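What follows is a short report on a single structure.
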Amino acid sequence: MPAEPAKPAQPRKPFQRRPTLPANPRRVRGGVKLSRAELAYPECPAAQGWLDLALASAGEQVRADALEYARAGQVKGLDLGPGHVAAAVQGRAQGPYKVRLAFDLIDEDVWVRAIEAMGEQARFAASLISGRLTNDVMTLFDSLDAPLTPESIAPSCTCAAGDGGGDGDGSWCKHALCLAMVTADRLAAEPLVVFLLRGMPALELIERLHDKRSAHFDLASPMPAYSPVVRGASDIVFAPLEECVGEFWDAPTDPRELDLPVQPPEVSHPLLRRLGPSPFKDGRFPLVGLLASCYESISEAVLREERGVNGDGGEDGDSGEDGDGGNGDGGNGDGEDD
């Protein structure tokens, strides 16, 4: 039986060297950065508790790298929502990493009991309306076995040291810890955001507290509306108009450098809620429901664009060529930490 002819040798593929990463992380324009030099928030127990919880699970090298990223403003598109914090964190790779911190929500029955207890004393409503989170409020939730600081945080990151963007069982890489630091800094500036993170926007909590006190005490006058703190806007002290007429139209900051993260409102469909029911009673279509669907579709498209996610669920600009060699004990792996 004749032997089969030998197959021609396949040409060897040329050796491809892994791209060399830059020494420093790529700069981010308009990123969210820490507002203070020292990473400590003794005046805000919610922010300090959040920070302590995250730092307890990370090694020293990861802490140092994360602090460098947080100070440099490497976080983009900060998204604070019920049970999660998400953002894009730019490292040394071409594209940013998608980072998410997940934690449990407070049960509805706990919210009901908390509102019932706070409704008995005016000091709780007064502090919340003024945008302050007092120790009394923190202690109240502690007494209900539902502290405002979550008992645990599950980080998820698309880098190699995280879980690859999986179900949140990864270790604390520097990108996830950087996001936790920025979140603590935001809580120090806007402490009532902690209610949103734990499952109920502050505005809804204040409205429900007002309803409870109105029913209990038969209040005739409405409670003043809650005005959230907007960093860089409501906290600016302006000079009298006569002293700044000549530079009235000069912007104090380059608009491209403003921290204006795109995120959903604390209350869904606020405009439709304010307008109320549709006046067209005999229409074929439920106008309010149709507008709500349109607004949701537009919002989702804008959020996807802001976070760098394309229509197929993939990430734009994520080369996937580099990994985070850092781990929980500060190790550097193969030296390609980004």
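The values are calculated or read from the model by the stated rules, or taken from the named source; none is laboratory data. Owing to the predicted nature of the structure, the values given are computational and were not obtained by experimental measurement. Because the Cβ atoms are built from the backbone with ideal geometry, glycine has one as well, and the counts that use them run over all protein chains shown. Quick note on the areas: whole protein, heavy atoms, side chains included, nothing else; ligands and nucleic acids left out. Shrake-Rupley method; radii C 1.70, N 1.55, O 1.52, S 1.80 Å.
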Can you tally the net charge around residue 122? Count Lys and Arg as +1, Asp and Glu as -1, for every other residue whose Cβ sits under 13 Å from the Cβ of residue 122. +1
Tell me which residues come under 5 Å, amide H to amide H, from residue 97 once H is placed; ignore anything under 5 positions away on its chain. 89, 90, 91
Calculate, in nm to one decimal, what residue 145 and residue 211 gain on full extension: separation in residues at 0.36 nm each, minus their alpha carbon distance. 21.3 nm
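In Å², what does the accessible area per residue of the range 38-159 work out to with a 1.4 Å probe?
Working: 4960 Å² over 122 residues.
Per residue, the range 38-159 has 41 Å² of solvent-accessible surface.
Would you mind calculating the gained length between residue 64 and residue 116 on full extension (0.36 nm times residue separation, minus the Cα-Cα distance), in nm to one decimal? Intermediate results must be reported in sequence, preceding the final value.
On the way: separation 52, 0.36 × 52 = 18.72 nm, distance 4.35 nm.
Here the segment from residue 64 to residue 116 would lengthen by 14.4 nm.
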Leaving ligands, DNA and RNA out of it, report the carbon-plus-sulfur percent of the accessible area of the range 49-121 at a 1.4 Å probe. 47
Let a ≥ b ≥ c be the square roots of the eigenvalues of the Cα gyration tensor of the range 68-135; is it rounded (a/c under 1.5), or, if not, prolate (a/b larger than b/c) or oblate? prolate
Between residue 294 and residue 107, what is the spin-label point distance in nm, taking each point 7 Å from the Cα along the Cα→C-beta axis? 4.2
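Give me the extension gain from residue 287 to residue 126: residue separation times 0.36 nm, minus the current Cα-Cα distance, reported in nm with one decimal.
On the way: separation 161, 0.36 × 161 = 57.96 nm, distance 3.78 nm.
54.2 nm is the gain from fully extending residue 287 to residue 126.
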